[in-house]
Amino acid sequence: MTTHWHITSWMIGIIVFFAAYAMYKNRNPKAKIVHMIDRLMYIVIIVTGFLLYVPVMKYGSGTDHMWYGFKMLAGIWVIGSMEMVLIRTSKGKSTNGAWIQFVIAILVVLYLGLRLPQGWHPFA
Ligand code: HEM
């Protein structure tokens, strides 16, 4: 159940991220509003991600805590890189480094999320 909310929230978050990016690029003044909506999605992503960690705090064993810790850091890193892309685009600065981070962080987070045992886990 929580997995569904988590997946839905990060999917919407990423779609809204691309929308805000395109709007900043086109100097659309409404980009700021879309960016704020994306920031609300970050909160939902973090809260639902944290809720997925709650049972692990109780029942986790072995290396669970470490892997969940990495998953959560990588998730925060994706959000941080999206924020860097948007802010730098809005200021007209170079976004290459931020995009590289976004791609790496997404790959890491998808791997970790799909390796961990809850929900779908093709790499576990
Ligand atoms: C845009 C950012 C994020 C993306 C793309 C993402 C992606 C994913 C994916 C693909 C899964 C696996 C879902 C499944 O098993 O079907 C997952 C699970 C999870 N995510 Fe995220 N996530 C993000 C952010 C976060 C954040 C910020 C946190 C922590 C606060 C977090 C914590 C978790 C936890 C604890 C799980 C459960 C892992 C498991 O036991 O299977 N995620 N996430």
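The values are calculated or read from the model by the stated rules, or taken from the named source; none is laboratory data. All of these numbers come straight from a predicted model, not from anything done at the bench. Positions of Cβ are generated from backbone atoms using ideal geometry, with glycine treated the same way; all protein chains shown enter the neighbour counts. In case anyone asks, the SASA skips ligands and DNA or RNA and just uses the protein heavy atoms, side chains included. Shrake-Rupley method; radii C 1.70, N 1.55, O 1.52, S 1.80 Å.
The residues packed around Phe70, meaning those with a beta-carbon under 13 Å from its beta-carbon, carry a net charge of +1 if Lys and Arg are +1 and Asp and Glu are -1.
Once you have a ≥ b ≥ c as the square roots of the Cα gyration tensor eigenvalues for the stretch 2-115, tell me rounded if a/c is under 1.5, and otherwise prolate or oblate according to whether a/b is larger than b/c. Kindly include the intermediate steps, with their values, before the conclusion.
Details: a/c = 3.12, a/b = 1.94, b/c = 1.61.
Verdict is prolate for the stretch 2-115.
Cross-link pairs exceeding 21 Å in C-alpha to C-alpha distance, out of Lys32/Lys71; Lys25/Lys91; Lys30/Lys93, comprise Lys32/Lys71. Put Tyr68, Tyr21 in order of accessible area, highest first, and with a 1.4 Å probe you get Tyr21, Tyr68.
When shorter helices are ignored and each DSSP H run of at least 4 residues is given -39500 (n - 2.57), the per-residue value for the chain at 222 nm works out to -28500 deg cm²/dmol. Comparing Gly113, Gly69, Gly49 in a Gaussian network model of the chain where C-alpha atoms under 10 Å apart are linked, the largest mean-square fluctuation is found at Gly69. For the chain, the dipole from Cβ point charges (+1 on Lys and Arg, -1 on Asp and Glu) about the Cα centre works out to 500 debye, to the nearest 20. Build a GNM of the chain with springs between Cα atoms under 10 Å apart, and of Val85, Val56, Val108 the one that fluctuates most is Val56.
For an R0 of 25 angstrom, estimate the FRET efficiency from the Cβ-Cβ distance between Phe123 and His4 and round to the nearest 0.05. Efficiency computed from Cβ-Cβ geometry: 0.80.
Carbon-plus-sulfur fraction of the accessible area of the chain, 1.4 Å probe, in percent?
Values: 5700 of 7810 Å².
That share works out to 73 percent.
When you filter the trypsin sites (Lys or Arg not before Pro) in the stretch 1-104 for DSSP loop state and at most 14 other Cβ atoms inside 10 Å of their Cβ, you are left with Arg27, Lys30, Lys91, Lys93.
Note on Leu107 and Ile12: their simple-model spin labels are 3.0 nm apart, each label 7 Å out from Cα toward Cβ.
Of the chymotrypsin sites (Phe, Trp or Tyr not before Pro) found in the stretch 78-124, the ones in coil according to DSSP and having at most 11 other Cβ atoms within 10 Å of their Cβ are Trp120, Phe123. Taking all protein chains as shown and a probe of 1.4 angstrom, Leu40 keeps an accessible surface of around 110 Å². Shown in residue order for the stretch 30-35 are the 3J(HN,Hα) couplings computed by the Karplus curve 6.51 cos²θ - 1.76 cosθ + 1.60 at θ = phi - 60°: 7, 4, 4, 5, 5, 4 Hz (x for Gly and Pro).
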